[in-house]
1. When the Cα atoms of the stretch 391-441 are enclosed in a convex hull and the volume is divided per residue, what value in Å³ results?
2. If contacts are Cα pairs under 8 angstrom and at least 6 residues apart, what is the relative contact order of the stretch 387-495 in percent?
3. Ranked highest first by average number of other Cβ atoms within 10 Å, how do 481-489, 210-218 line up?
4. Sum up the charges of everything whose Cβ sits under 12 Å from the Cβ of Leu269, counting Lys and Arg as +1 and Asp and Glu as -1, but leave Leu269 out.
5. Averaging sequence separations of C-alpha pairs under 8 Å and six or more residues apart, then dividing by the length of the stretch 469-575, give the relative contact order as a whole percent.
6. Suppose the Debye formula is applied to equal point scatterers at every Cα of the stretch 109-264; what is log10 I(q)/I(0) at q = 0.15, 0.21 Å⁻¹?
7. Quote the Stokes-Einstein diffusion coefficient, in whole µm² s⁻¹, for the stretch 213-261, based on the Kirkwood radius over alpha carbon pairs, a temperature of 25 °C and a viscosity of 0.890 mPa s.
8. Once you list every other residue whose beta carbon is under 13 Å from the beta carbon of Leu310, what net charge do they have if Lys and Arg are +1 and Asp and Glu are -1?
Amino acid sequence: MAQATDQETLLTINKDWGSPSALSSWNPQNASSSCSWAGVSCNKNGQVTKLSFPNLNIINPIPASICTLKNLLYLDLSYNNLTDQFPTALYGCSALSFLDLSNNHFSGALPADIDKLSSEMEHLNLSCNGFTGSVPSAIAAFPKLKSLLLDTNSFNGTYPNLAIAELSELESLTLASNPFAPGPIPDEFGSLRKLKMLWMSDMNLTGGIPDKLSLLTELTTLALSDNKLHGEIPSWVWKLPKLELLYLYANRFTGGIGPEVTAFSLQQLDLSANLLTGPIPEAIGEMKNLKLLNLFYNNLTGPIPASIGLLPNLVDIRLFNNRLSGPLPPELGKHSALGNLEVSNNYLNGTVPDTLCLNKKLYDIVLFNNAFSGELPAALAAWDTLDNIMLQNNDFSGEFPEEVWSAFPKLTTVKIQNNGFTGTLPSVISSNITRIEMGNNRFSSALPSSAPGLNNFMAENNRFSGPLPTNMSGFANLTDLDLAGNQISGSIPPSIRSLGKLNYLNLSSNLISGGIPAEIGRLPVLTLLDLSNNELAGEIPEELNSLVLHLSSLNLSSNQLTGKVPESLQSPAFDEAFLGNQGLCATVNLNMNIPACLGHNQMSTGLIILFSVVAGVILMGAVGCFIIRRKTRRRDLTTWKVTPFRKVDFTESDILSKLREENVIGSGGSGKVYRVHLGGAVVAVKKLWSRGKAEEKLDKEFDSEVRILGDIRHNNIVSLLCYISSEDTKLLVYEYMENGSLDRWLHPRDRAGAGAGLADAAGHRHRRGEGPELHAPRVCAAHHAPGRQVQQHPARPGLPRKDRRLRARPDPGQVRRAGVRVRRRRHLRLHGSRVWARREGEREGGRVQLRRGAAGAGDGAGGERRRRRVLSGGVGVAAVQGRGRSARRRGRGHPGPGRARQGRGGRVPARGDVHRGRRAVPAVHEAGAAAAPPVRPHGQRRRRVPGRRRRRLTGRAPQGEEEGRPRCQESAGQRRRVLGW
């Protein structure tokens, strides 16, 4: 009756799972043999106790009916496609002690009540699924549990280390390959005394290996790889008596191995990718069960112990990327079925032992980047089990076995470049070989005619000779072909078109002749083409234009090519690709390192040139019309020169375009003055009359004086903004003063303020001069106006009338400075607080005179003339007692007291206290006037002052005179006080 019940249950399960083909034997017609159905096991009473359905591609959920099998102890549903969350339907299987749900697609968090599973549970395998979250503490609620496998999921929380530590019967614990929160290895796991396998790789472990784990003496597997562990490997690890597998790779362990190693039961030792130092201990040679030794990617030094070559079970040894030295163990491979030997990137030397493949099991020999030398063992010709030969970058010599190329059925890769091998290649390369790198050796003979499986053939810098194979279809799978630096002759066969997968072709530095076949241009994925340093001739085929879409490197230099370079190849990317071909020329890109073609008649080029010319003509015409219109609207500005003295925001065209009659505000003997509006600013422009060719020699002098004036900075001097000149026109651009002409301020109003401002300006010019430099300031009252605060701004300083200046006779006061002849003159005559300007028509040498006197008084009767000078070192004026100038004074004696003096403006009564040669009264400043110095009594003979002659001629005071004193000049019968200009 129970048997019938179990059978019905099995049929129900089969139906719920969709009757998979693997359960086709579950037929009710065979009711007497249900215990023999696939995956079903029964006890001696015929009761179903075991269901094993791995890898049946079951996709439907586990039915609850499965737990009606009351005697079910074992359920294996691994390697199926079960999905959704953990199947709680299994809570009803009360007798279940073995549950394997690994390698399915379960997801979500484990239920917190997972302890509702059978309390008889001894083996729980949930590995290789997609469970997330934290591992619930209920997972450890099974007191009989011996195996808890939770590795390779997506747990990203924590695991109940304290609860797991209570599982005293636990023998296997795997938590590896889960992104748990970082943390150390729990010390509590040291209480799992029966633990045999502890797998905690790749789970964000930190810190070191705790010493509490030394109590796990039953351990056979300790796997802590791929974590962030550091420190030294504890010495107790090397003393675990039953340890068979030790995986500590990909951490940050330091220190050495050992030194005392007694874990002789080890079968697999992997310490790779750490920071270990020191030598490989000899005790490893005592591990008779050792099959795998991985110590690569460390900093180990010293030799490889010879005892390792005596290990009877060693199959795989990987020691690459260390600093090992010395030879290989001489009996390596003699006592074991050695299959893999990888010792590259070390400092090993010596020869290759001929015992490596004595047991016919060697499949990989990787020795590159060492210092091995000598010839390869002759027995290598019989090592037909090899898959990979990597011997590059050593000092091997001798003949390479030809059998390798055709008689090794499993061989796929041969890398022997940068050695001294000799030998030849067979006509046909084995179809299993996909990669040959043999460059920089001494191989000779002709090239093979066929290598159907070859993808990479790199044979540069050898001694291959003869032509390329006529039929290249035997290399149809080639992607990279490098035969540079050989002695290949003949021409490139058109059959190269059959290399449809080729993307790298280098035939440079050979003896190849003939032309470049057009078929090269039809290679669809070619990215590099190098045919340089050959004897190729003829024109470059136009078909190579199609390569430009995918070609990244091209070199056809140092050949004998002629004709036009294909237009698509005339690119800056290939500007050095055609050097050393005397007959080549370019038509499109004339900036290449080859000459331009003469008389080319290509339609596309002609159209391009035609359109370019037409566009150029149209553009030039438009530009020409614009220029002509601009020239008709304003004068040609190319002859104008602008010398700015202030920062200005206008150009000469802005000034010239507004020099019209309606803008004239004044005119005089030297030119016209214009008021020019420039946006928000207004300037005064004085246009000087043309001097004519007779005065061209004065241009340099005139320009120099203007430059000096432009450098003057003073509040009472009108700023000269810039100077604009051409061959026959001079323009002076000043700041414009808005309060009218200066003469209306000098005559009826505020003459005291005018005199103070003018004296201030004159003093500034004197200080700026620092010696005789320039004509004294000439104040033109009709052309200049004061500012809003009735401050005087004399303009046009230092520019004497040219008609007078040309006729002036040189005098002893004339000096030369900075290449400019400068005449010192005294122009301002100021006294007290009243300043007068001569009426129009009253001139003295072309200079406007400022005189003191009553309003309306002339120079005739009673007019008193006192000369004023600007004192150096201060702003102000001082009275100078002396005589007025007269053309008739030359040669006459000094008039006594009371004698009348004849001046240019009339007779002026002489003062009794005036004597030639005395100092003037001190400067009058705004704060008050200083006391006058004593004067020499009349009739007393004047004392001759040493140095007066030199001062008169040079304009400088003799050594010892006080700096800043006024400079004096004397000429026959005439005294002239110079203002320092």
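1. Details: hull volume 3.4 nm³, N = 51.
Per-residue hull volume (Cα only) is 66 Å³.
2. Values: 283 pairs, mean separation 22.2, N = 109.
Across the stretch 387-495, relative contact order equals 20 percent.
3. Numbers: 481-489: 20.1, 210-218: 16.0.
So the peptides 481-489, 210-218, ranked by packing, come out 481-489, 210-218.
4. On the way: positive: Lys291, Arg318; negative: Glu244, Asp270, Asp316.
After counting each charged neighbour, the total is -1.
5. Numbers: 251 pairs, mean separation 23.5, N = 107.
Relative CO of the stretch 469-575 lands at 22 percent.
6. -0.77, -1.44
7. Numbers: Rh = 11.3 Å.
Rounded to a whole number, D works out at 217 µm²/s.
8. Numbers: positive: Lys288, Lys334; negative: Glu282, Glu286, Glu331.
Within the 13 Å Cβ shell, the charges total -1.
Each reported figure results from applying straightforward, stated rules to the coordinates on display, with no laboratory input. Because the structure is a prediction, the values reported are computed rather than measured. In this analysis, Cβ positions are derived from the backbone assuming ideal geometry, glycine residues included, and neighbour counts consider all displayed protein chains.
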